[in-house]
Amino acid sequence: MATRTVSVPSMPAAKILPVVDTSVADPAPLGLGAFALTTFVLSCVNAGLVPKGGDFVVLGVAFAYGGFAQLCAGMWEFKRNNVFGATAFSSYGAFWLSFALLVTFFAGKLPAETAPAAIGTYLLAWGIFSIYMTLGAAKVGVPLLVVFVLLDI
């Protein structure tokens, strides 16, 4: 028997969607909550709403919630293949951990003449990181971009 060739119309290219591991719940609410609450407590201290002597309350929150919980959220974002979320939450978790360590163990040991420049450099580096993340957020979506623009401000 003779073979016959049949032409198949070409299929349009399939849209490739990212793989999301649903075995891990969405860690974004934890990461956002940890950052927001810790920032709120620090802002209350900086605004003078917490009486003198009570300002160290922010350190516990910075270590546990802003630092550790947010770092965990970042690791879970890696598990879900969300590189932007993983980078943001892990980095800001590390920021809060490093902030708490700086205030607890090192800031008091800085010479008075170098402390402003040293701490200013630390904060400038994190500001540059935040601007860098804002550029990345512009590629992800408008709501995230708004969050990062407000963070930069």
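The values are calculated or read from the model by the stated rules, or taken from the named source; none is laboratory data. This one's a predicted model, so the numbers in the text were calculated from it and none came from an experiment. Backbone-built Cβ (ideal geometry, glycine too); neighbour counts: all protein chains shown. In case anyone asks, the SASA skips ligands and DNA or RNA and just uses the protein heavy atoms, side chains included. Shrake-Rupley method; radii C 1.70, N 1.55, O 1.52, S 1.80 Å.
Just the Cα atoms of the chain, one point each, no solvent: what log10 I(q)/I(0) does Debye give at q = 0.14 Å⁻¹?
Summing over Cα pairs of the chain leads to -0.78.
Pairs of Cα atoms under 8 Å, at least six residues apart: use those to get the relative contact order of the chain, whole percent.
Once divided by the residue count of the chain, the mean separation gives 19 percent.
Apply the Karplus parameterisation 6.51 cos²θ - 1.76 cosθ + 1.60, with θ equal to phi minus 60°, to every residue of the stretch 62-73 and state each ³J(HN,Hα) to the nearest whole Hz, in sequence, with x for glycine and proline.
With the stated coefficients, the stretch 62-73 comes to 5, 5, 7, 8, x, x, 5, 5, 5, 4, 4, 4 Hz.
Check cross-link reach from K52 to the lysines: straight Cα distance under 17 Å, and skip same-chain residues fewer than eight apart.
none
Under the rule of -39500 (n - 2.57) per DSSP H run of 4 or more residues, summed and divided by the residues of the chain, what mean residue ellipticity at 222 nm is obtained, to the nearest 500 deg cm²/dmol?
My calculation for the chain gives -19500 deg cm²/dmol from helical runs alone.
Sorting check: for 60-71, 119-130, which peptide has the highest mean count of neighbouring beta carbons within 10 Å, and how do the rest follow?
The packing order, highest mean first, is 60-71, 119-130.
Which FRET efficiency value, to the nearest 0.05, do you get for I128 and F84 by plugging their Cβ-Cβ distance into 1/(1 + (r/R0)^6) with R0 = 22 Å?
That pair, I128 with F84, gives E of 0.80.
Please work out the Kirkwood hydrodynamic radius for the stretch 25-100, using every pair of different C-alpha atoms, and report it in angstroms with one decimal place.
It is 12.3 Å.
For a Förster distance of 30 Å, can you work out the FRET efficiency between the beta-carbons of V50 and A115, rounded to the nearest 0.05? List each step's numbers first, then the result.
Details: r = 22 Å, r/R0 = 0.72.
For R0 = 30 Å, the calculated efficiency reads 0.90.
Report, to the nearest whole %, how much of the accessible area of the stretch 34-139 belongs to carbon and sulfur atoms, 1.4 Å probe, protein only.
For the stretch 34-139, the apolar C and S fraction of the accessible surface comes to 76 percent.
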